[in-house]
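Presented below is the structure to which this report refers.
The values are calculated or read from the model by the stated rules, or taken from the named source; none is laboratory data. Keep in mind that this is a model prediction, so the values were computed, not measured. In this analysis, Cβ positions are derived from the backbone assuming ideal geometry, glycine residues included, and neighbour counts consider all displayed protein chains.
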Amino acid sequence: MKTRTVVSGRCLAACLAATLLVVLLLALSPLSAPDCNCGRFEPLETPLSSDRLAVLVPFRDRFDELVEFVPHLTNFLQHQGVNHEIFVLNQVDQFRFNRASLINAGFKVVRRTFDYVAMHDVDLLPLNPELSYARPADGRPFHVAAPHLHPRYHYPTFVGGILLISVKDFEQVNGMSNKYWGWGLEDDEFYVRMRDARFNVTRPGNLTTNTSNTFWHNHNTSRRKRDFTKCYHQKEVTRRRDRYTGLKDVKYQVVARHHLKIDNIPFTLLNIELECDKVLTPWCECEEPKEKAKPKT
Ligand code: UDP
Ligand code: MN
């Protein structure tokens, strides 16, 4: 009887110790972080290169994602010693979202003061520090969010998400088409521009990570619905290569420039009003604009 009491007493102590250990491990574990185990990377004291990168982020109504993005990407790039500045291209007109025209507009703002740009979705966060954001050589745009690494898009000609390209190359292909209002296909059209220019798109190789852990796609699809609507002859036109519109004819106004900080990390927010040529692309508005509510008298 005595031995049994001693044994169960020991067992109780061991169980308590084990429980404490599990509680401690859980508290320290990344699972306890609210959203993402995005990691912290030690910054380099001085940038490794004098090449200047402008991160162009097409944007509208993605505040929660931006709050994650700015500190994370800055930390990630400082760790690599990449000399960079983030430009959030905030579309403030009444038209449907136009990712490509925002990038064209943002590019015009930075082309004289930067060497290369990253077209960067706000909801795609690099997790693997081996993903290089170094300046790609001319003629060799670097697709960071490669199909074998992107969480969602795996077709071989995919160039969306995050693409690095030199200022010279972006100018050479006349930037991106301005005909894409709403979600999709503008990146595929840009792939054809690059192919026609005989650029050699390169991608990360020999990474230890895969589609599940190279990026965090911070996209809640029930809250952030993609705008798949097609109206007028949008479908037919956007299936074809656009040889006419681009950087040279993008119509926009930067109506405000704000120098902001998130967690003390600086970035620039540009409020951009795009113009729409209703004859060329009537699908910039698929619904009749709603009548403004009359003020009550
Ligand atoms: N985006 C935005 N607001 C929108 C639609 C798109 O800011 O209403 C930007 C944002 O940077 C986003 C990118 O465009 O990451 C690509 O859109 P989305 O994430 O819907 O496309 P996906 O790649 O997930 O299909
Ligand atoms: Mn997304």
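List of remarks:
- Members of region 16-64 that are in contact with a strand residue (DSSP E or B) (Cβ under 8 Å, 6 or more places away or on another chain), away from ligand 1 (no atom under 16 Å from the Cβ) and at pLDDT 80 or above: S49, S50, D51, R52, L53
- F170 being more than 22 Å from D93 (Cα to Cα) and touching a Ser or Thr at 6+ places or on another chain (Cβ under 7 Å): no
- The listed residues are L185, L149, L164, and the only one of them that is farther than 30 Å from Q94 by Cα and aliphatic (A, V, I, L, M) turns out to be L149.
- Test: residue in region 169-187 that is more than 30 Å from T229 (Cα to Cα) and surrounded by 23 or more Cβ atoms within 10 Å (Cβ to Cβ): no
- Taking region 151-164 as the range and being of a type outside the set (V, I, T), closer than 14 Å to Y191 by Cβ and within 13 Å of ligand 1 (Cβ to nearest atom) as the test, the residues that pass are Y153, Y155, F158, G160, G161, L163.
- Within region 215-233, residues that are in contact (Cβ under 8 Å) with a residue 24 or more places away in the chain have Cβ atoms under 8 Å from residues that are in a loop (DSSP other than H, G, I, E, B) and surrounded by fewer than 11 Cβ atoms within 10 Å (Cβ to Cβ) in these pairs: N218/D35, counting only partners at least 6 apart in sequence or on another chain.
- Check on P129, out of contact with any Cys (no Cβ under 6 Å at 6 or more places or on another chain), within 26 Å of V250 (Cα to Cα) and away from ligand 2 (no atom under 16 Å from the Cβ): no
- Qualifying residue in region 254-273 (condition: part of a loop (DSSP other than H, G, I, E, B), on the phi < 0 side of the Ramachandran plot and touching a helix residue (DSSP H, G or I) at 6+ places or on another chain (Cβ under 8 Å)): no
- Test: T214 is surrounded by 15 or more Cβ atoms within 10 Å (Cβ to Cβ), over 20 Å from the mean Cα position of the chain (by Cα) and within 16 Å of ligand 1 (Cβ to nearest atom): no
- Criterion: farther than 21 Å from E65 by Cβ and within 16 Å of ligand 1 (Cβ to nearest atom) - qualifying residue of E236, E171, E189: E189
- Options R99, R135; residue that is surrounded by 17 or more Cβ atoms within 10 Å (Cβ to Cβ), away from ligand 1 (no atom under 16 Å from the Cβ) and within 25 Å of C38 (Cβ to Cβ): R135
- Residue tally, condition without any contact (Cβ under 8 Å) to a residue 12 or more places away in the chain and either more than 14 Å from L270 (Cα to Cα) or crowded, with 23+ Cβ neighbours inside 10 Å (or both), over region 53-63: 1
- Restricted to strands (runs of 3 or more DSSP E) entirely inside region 70-180, those with at least 2 residues that are within 17 Å of the chain's Cα centre (by Cα) and without any contact (Cβ under 8 Å) to a residue 60 or more places away in the chain are 162-166.
- Options T245, T229, T209: the member that is polar (S, T, N, Q), in a loop (DSSP other than H, G, I, E, B) and within 16 Å of ligand 1 (Cβ to nearest atom): T229
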